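One structure is given below, encoded as structure tokens.
The values are calculated or read from the model by the stated rules, or taken from the named source; none is laboratory data. Computed from a prediction, not measured in an experiment: that's the story for all the values here. Glycine also receives a Cβ, built like all others from the backbone with ideal geometry; neighbour counts cover every protein chain displayed.
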Amino acid sequence: MNNLEQRINAARATIANSEAILIGGGAGLSAAAGLDYGGKRFTDNFADFIEKYGITDMYSGSFYPFETEAESWAHWARHINVNRYAMPATPLYREIYELVRKKDYFVLSTNVESQFVKAGFPDEKVFEVQGDYAFIQCAKACHDTLYDNAEMIKEMLAATADCKIPVAMVPKCPVCGGSMDVNLRHNQYFVQDAAWYAAENRYKKFLETSQGKKLALLEFGVGFNTPGIIRYPFENMTYANQQATLIRFNRDYPLGPTENAGRTISFDEAIDSVVKALL
């Protein structure tokens, strides 16, 4: 792609002239912000799990078939702490907030580290559709209550030895007595509690009130893992609203459909460098 300066100027003007901004955040955004699930960050934090189980990165590690829940929860405690609790708001997320904070905006995110909220976005303007590392639920979704796990994770970390926690610390569902799970959409038992539906309703209301307006859709790092949540809907909104412009930040898949070619600004450059330029 070429004419970087022209694309930056066009994106800056689109944001400045917009009446509403819809942000979509995917895995590529968190990776660009420094929450990489591989490399040195992984090897520094999971050396014992790498040696014992041959786990190759944090993403695949979350699907590893541990033989016992004591091992699985020791791994989850490490994973959740590294990505949710030990990681402060990153500069990139803070800069995105600075970019839009004076506008009418809303955030739709498939990320689960709560970086948007940490960076200053109000809770009521963020819909984390895939869950949040900070909560656990009944593994079979026997009821729709979520449980804050901050203290539990801290205790598990302190008690972990040889890649496992004491069996007595393995969490059990207070209703059915079965296993607990992290509140992530990875199977059919994902719990959508009252707060999830309230966030969904706020998102729908934002879409309704932004119809026909000058809408800037800022899509960060959304590929084809779950394109039906952000990528395809953003393209459809751009097509349906002649005053909408899609600004797509994506290293691997920057282009949009030809139908939206005149109202799509694509960046395959590093997200942080482009956001800095826009500021």
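For segment 240-255, the set of residues classified as under 21 Å from Lys213 (Cα atoms), in contact with an Asp or Glu (Cβ under 9 Å, 6 or more places away or on another chain) and crowded, with 22+ Cβ neighbours inside 10 Å consists of Leu246, Ile247, Arg248, listed by residue number.
Under 30 Å from Met237 (Cβ atoms), out of contact with any helix residue (DSSP H, G or I) (no Cβ under 6 Å at 6 or more places or on another chain) and not assigned by TED's automatic domain parsing to the domain that holds Gly24: which single residue out of Asp144, Asp162 fits that description? If you could, list the steps in order and put the result at the bottom.
Numbers: Asp162 fails: under 30 Å from Met237 (Cβ atoms).
Every option except Asp144 fails the conditions.
Results for (1) at pLDDT 95 or above; (2) in a helix (DSSP H, G or I); (3) not assigned by TED's automatic domain parsing to the domain that holds Ser109, shown as yes or no for each residue.
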| residue | (1), (2), (3) |
| --- | --- |
| Glu208 | yes, yes, no |
| Leu218 | yes, no, no |
| Val222 | yes, no, no |
| Pro233 | yes, yes, no |
| Asn236 | yes, yes, no |
| Asp252 | no, no, no |
| Glu259 | no, yes, no |
| Gly262 | no, yes, no |
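Annotation: Ala74 fulfils all but one of (1) within 18 Å of Asp162 (Cα to Cα); (2) out of contact with any strand residue (DSSP E or B) (no Cβ under 7 Å at 6 or more places or on another chain); the unmet one is (2).
Restricting attention to segment 27-34, does a residue exist that is part of a helix (DSSP H, G or I) and without any contact (Cβ under 8 Å) to a residue 12 or more places away in the chain? No: zero hits. In segment 187-201, the condition of being crowded, with 21+ Cβ neighbours inside 10 Å, in contact (Cβ under 8 Å) with a residue 12 or more places away in the chain and not aliphatic (A, V, I, L, M) is met by no residue.
The residues listed here are Thr258, Thr264; of these, the one that is within 13 Å of Leu218 (Cα to Cα) and of a type in the set (Val, Ile, Thr) is Thr264.
Apart from one condition, Ile23 fits all of (1) surrounded by 21 or more Cβ atoms within 10 Å (Cβ to Cβ); (2) outside the structural domain of Phe220 (by TED's automatic domain parsing); the exception is (2). Of all residues in segment 74-116, those satisfying the criterion of being in contact with a Ser or Thr (Cβ under 9 Å, 6 or more places away or on another chain), farther than 17 Å from Phe220 by Cβ and not in a loop (DSSP other than H, G, I, E, B) are Ala74, His75, Trp76, Ala77, Arg78, His79, Asn83, Arg84. Output yes when any residue across segment 50-57 is touching a Cys at 6+ places or on another chain (Cβ under 9 Å), crowded, with 16+ Cβ neighbours inside 10 Å and either among the charged types (D, E, K, R) or outside the structural domain of Phe267 (by TED's automatic domain parsing) (or both), and no when none is. Yes, there is a match, as at least one residue in segment 50-57 is touching a Cys at 6+ places or on another chain (Cβ under 9 Å), crowded, with 16+ Cβ neighbours inside 10 Å and either among the charged types (D, E, K, R) or outside the structural domain of Phe267 (by TED's automatic domain parsing) (or both).
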